[in-house]
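These notes are about the structure you will find just below.
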Amino acid sequence: MEGYDLLTKEFKFLLEVHKPAVAYEKKIAADQGDRSENAEYHAAKEKLRFIDKRLFYLNSMIEKAQIIDPSLAPHDKVRFGSSVKLIDLFSDAEEIYTICGVLEAEPENGLISIHSPLARAMLGRQEGDDFKIKLPNSVKEYEIEEIFYKNIFSLKKNIRDEKDFTFH
């Protein structure tokens, strides 16, 4: 739900706040005369193009979104929203990953997209299951030690806000 709310927040901010402000910048720059050599005019025009592209993308994502509340699902098997503690069977190292949507993914923080090879290899498995995953130069083998739920947004380090929504 938080991911969807963030998409709609960005869409609304761009549409209602940022785009009108940049359109006003463009108008002010256009009023200064010759547009062919007016850097401010061309910069504002370019910003509006970026904003429109982002609005189109966000609208598409919002329309296609499926809101899934993983806290309501049992985590007896690996599924969307599950956090999974793995043991690397070669090194005995412990790794924890949480399966999330593409837009929430932060692999560097253990949040992996449901479409990633590792997530696909884990889906449907239970605690105690072993599995292998092929990497470009090797094969890794894991055992699922624990499956649990933890809110994705409590794990995210890169949550965008209004200062990140603008184009400079």
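The values are calculated or read from the model by the stated rules, or taken from the named source; none is laboratory data. Remember, predicted model here, so these are calculated numbers, not experimental data. So basically every Cβ, Gly included, is an ideal-geometry build from the backbone, and we count neighbours across all protein chains shown. In case anyone asks, the SASA skips ligands and DNA or RNA and just uses the protein heavy atoms, side chains included. Shrake-Rupley method; radii C 1.70, N 1.55, O 1.52, S 1.80 Å.
Which ³J(HN,Hα) values in Hz, rounded to whole numbers, follow from the phi angles of segment 65-73 under the Karplus curve 6.51 cos²θ - 1.76 cosθ + 1.60, where θ = phi - 60° and Gly and Pro get x?
4, 10, 8, 10, 9, x, 5, 8, 8
Can you pull the percent of Cα pairs in the chain with separation above 25 Å? Intermediate values should be presented prior to the final figure.
Values: 6798 of 14028 pairs.
Percentage above 25 Å: 48.
Could you tell me the largest-minus-smallest coordinate of the C-alpha atoms of segment 42-126 on each of the three principal axes, in descending order and whole angstroms?
57, 30, 18
With the Cα gyration tensor of segment 21-63 in hand, convert its eigenvalues to equivalent ellipsoid semi-axes via √(5λ) and list them largest first in whole Å.
27, 9, 5
Give me the 1.4 Å probe accessible area per residue for segment 27-107, excluding ligands and nucleic acids, in Å².
Values: 4990 Å² over 81 residues.
Averaged over the residues of segment 27-107, the accessible area is 62 Å².
For Ile152, what is the net charge nearby, where nearby means another residue's Cβ is under 10 Å from its Cβ and Lys, Arg count +1, Asp, Glu -1?
-1
Computed on alpha carbon atoms, what radius of gyration and Dmax characterise segment 120-166, expressed in Å?
Expressed in Å, the Cα Rg and Dmax of segment 120-166 come to 16.6, 46.
Excluding ligands, DNA and RNA, what is the solvent-accessible area per residue of segment 108-167 at a probe of 1.4 Å, expressed in Å²? Please list the in-between numbers first.
Numbers: 3780 Å² over 60 residues.
The answer is 63 Å² per residue.
Run down the aspartates and glutamates and flag those whose C-alpha is under 17 Å from the C-alpha of Lys64, throwing out any fewer than 8 positions away in its chain.
Within the straight-line cut-off, Lys64 pairs with Glu2, Asp5, Glu10, Glu104.
Could you check the spin-label model distance between Asp76 and Leu55? Points 7 Å from the Cα along Cα→Cβ, value in nm.
4.9 nm
Calculate what fraction, in whole %, of the accessible area of the chain sits on carbon and sulfur atoms when a 1.4 Å probe is rolled over the protein chains.
53 percent
Anyone know which of Ser60, Ser113, Ser82 comes out most mobile in the 10 Å Cα GNM of the chain?
Ser60
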